[in-house]
1. Could you tell me which residue of the stretch 59-82 is nearest to I147 (Cα to Cα), considering only residues that are out of contact with any Ser or Thr (no Cβ under 6 Å at 6 or more places or on another chain) and of a type in the set (G, A, S)?
2. If you check every pair at least six apart or on different chains, which have Cβ atoms under 8 Å apart with a residue in the stretch 72-85 that is at pLDDT 90 or above and open to solvent by 10 Å² or more (accessible area, probe 1.4 Å) first and a residue that is in a strand (DSSP E or B) and among the basic types (K, R) second?
3. Provide a single number: the residues in the stretch 137-160 that are among the acidic types (D, E) and touching a Ser or Thr at 6+ places or on another chain (Cβ under 9 Å).
4. Filter the stretch 24-37 down to the residues that are outside any strand (DSSP E or B) and modelled with pLDDT of 75 or more, then identify the one that is nearest to the chain's Cα centre (by Cα).
5. If you go through the stretch 95-105 one residue at a time, do you hit one that is surrounded by fewer than 22 Cβ atoms within 10 Å (Cβ to Cβ), free of Cβ contacts under 8 Å to residues at least 24 places away in the same chain, under 24 Å from T14 (Cβ atoms) and over 14 Å from the mean Cα position of the chain (by Cα)?
6. Wholly within the stretch 116-175, which strands (runs of 3 or more DSSP E) include no fewer than the required count, namely at least 1 residues that are surrounded by 17 or more Cβ atoms within 10 Å (Cβ to Cβ)?
7. Please go through (1) surrounded by 18 or more Cβ atoms within 10 Å (Cβ to Cβ); (2) over 25 Å from V158 (Cβ atoms) for D68 and return the number of the only condition it doesn't satisfy.
8. Cβ-Cβ under 7 Å, sequence separation 6+ or interchain: first residue in the stretch 31-46 and under 12 Å from D16 (Cβ atoms), partner among the polar types (S, T, N, Q) and not in a loop (DSSP other than H, G, I, E, B). Which pairs?
Amino acid sequence: LLSCVHGLAYRQATGDIWVTNGGCGGASIVTFLRDGGSTLGNPTYSNAGASTFTTSAQLAHAENLSFDSGGNLWVTTWPGGQIRKYPLVAGSISETATQFITAVSSPGAIDFDAAGNMYVGETTETTEFSGKLWKFANLGTVGSPDISTTPVQLQNGVDPTALTFISGQLWATSL
């Protein structure tokens with residue numbers, strides 16, 4: 001199912017791992033369900049628990065993904081410049097995107113802070129240190145986020161390829 005992994009996210013509510021396959025054909029997003037009998041504190045996984053969430057035909061070039069504080073799945077696509085929201089509906093992630101943000105031309109890395117704000121890294125992959133870091137404000141609540149479609153540029157001249165928050169501080173990897 002996997003041939004060129006670009007990103008992964010851990011779904012805390014279920015203990016499942018979600019992986020983007022980066023537009024290499026076949027599955028574009030794969031889920032690995034936590035094996036039965038394992039606990040959230042000590043999860044185990046196997047290929048038997050793997051399934052395709054979307055294919056390349058449905059979602060070409062899935063670059064990275066993250067879950068917001070409301071449990072919704074957000075996926076960046078590059079090229080194509082979209083950030084897509086797949087909502088949590090009755091405990092499951094919908095296979096139909098309900099929001100498309102196109103304010104960033106080459107979105108890649110994505111993560112959320114404790115307040116529900118979304119951070120997106122933009123890289124060109126052709127010119128070093130030409131990327132940007134963007135913040136999309138949460139206009140809703142932590143439990144029911146409503147992400148603005150208008151970002152604020154936080155930094156220029158960076159190439160963030162992965163983002164994560166540790167103890168409230170944003171950390172990034174770069175090209």
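1. S69
2. If the second residue must be in a strand (DSSP E or B) and among the basic types (K, R), the pairs left are N72/K85.
3. 1
4. Filtering first and then ranking leaves L33.
5. yes
6. Correct list: 118-122, 132-136, 160-166, 169-174.
7. So D68 meets the others, but not (2).
8. Here the result reads T31/S51, each pair linking the stretch 31-46 to a residue that is among the polar types (S, T, N, Q) and not in a loop (DSSP other than H, G, I, E, B).
The values are calculated or read from the model by the stated rules, or taken from the named source; none is laboratory data. Computed from a prediction, not measured in an experiment: that's the story for all the values here. Note: ideal-geometry Cβ built from the backbone for every residue, glycine included; neighbour counts use all protein chains shown. The protein model used for the area step is the full one, side chains on, heavy atoms only, and it has no ligands, DNA or RNA in it. Shrake-Rupley method; radii C 1.70, N 1.55, O 1.52, S 1.80 Å.
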